[in-house]
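Here's the structure we're looking at; comments come further down.
The values are calculated or read from the model by the stated rules, or taken from the named source; none is laboratory data. Bear in mind that the values here come from a model prediction, so they are computed numbers and not experimental data. Note: ideal-geometry Cβ built from the backbone for every residue, glycine included; neighbour counts use all protein chains shown. Each accessible area value is taken on the protein alone, full model and side chains, heavy atoms only, with ligands, DNA and RNA left out. Shrake-Rupley method; radii C 1.70, N 1.55, O 1.52, S 1.80 Å.
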Amino acid sequence: QVQLVESGGGLVEAGGSLRLSCAASGGTFYTYAMGWFRQAPGKEREFVARINWSGQSAYYADSVKGRFTISRDNAKNTVYLQMNSLKPDDTAVYYCAADRGGSGSNSEKQYVYWGQGTQVTVSS
């Protein structure tokens, strides 16, 4: 059973930065594509970014492109989300997820393992 634990969330002012981490255990992390999703209050969970198993391919939602960067360290079984130029609209619970296929998807249905989420709050 794969376990994912997110960390790094918090309260930040608009324009600030945060780096989220997601540590994986119990599986073959280096074979999984990884994704970040978020859910704001009263809204559905949405795709933020994903990265393939090797880290060579990354994709982003239009709303975060140019501001967020996803990366991974397979030696540490960890995926990261560097978030810069944060906006109040980025306020949400952020979840990491693992797709046993190596390419990943923008659809949350593709992901079988999920973390518990970490809160990001951006003040104006």
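One residue is enough: does segment 100-122 have a residue meeting the conditions part of a strand (DSSP E or B), charged (D, E, K, R) and at negative phi? So far as segment 100-122 goes, no, none of its residues is part of a strand (DSSP E or B), charged (D, E, K, R) and at negative phi.
Report yes if some residue within segment 81-89 is of a type in the set (Gly, Ala, Ser) and open to solvent by less than 30 Å² (accessible area, probe 1.4 Å); otherwise report no. Checked against the condition, which is being of a type in the set (Gly, Ala, Ser) and open to solvent by less than 30 Å² (accessible area, probe 1.4 Å), segment 81-89 yields no hits at all.
For segment 96-110, residues that are in contact with a Gly (Cβ under 6 Å, 6 or more places away or on another chain) and either farther than 16 Å from Asn74 by Cβ or open to solvent by 70 Å² or more (accessible area, probe 1.4 Å) (or both) total 1. When the residues of segment 33-51 are filtered to those that are within 16 Å of the chain's Cα centre (by Cα) and open to solvent by 20 Å² or more (accessible area, probe 1.4 Å), the one that is farthest from Ser105 (Cα to Cα) is Ala40. Asn77 meets the conditions (1) under 10 Å from the mean Cα position of the chain (by Cα); (2) closer than 14 Å to Gln3 by Cα; (3) not charged (D, E, K, R) in every case but one. The failed one is (1).
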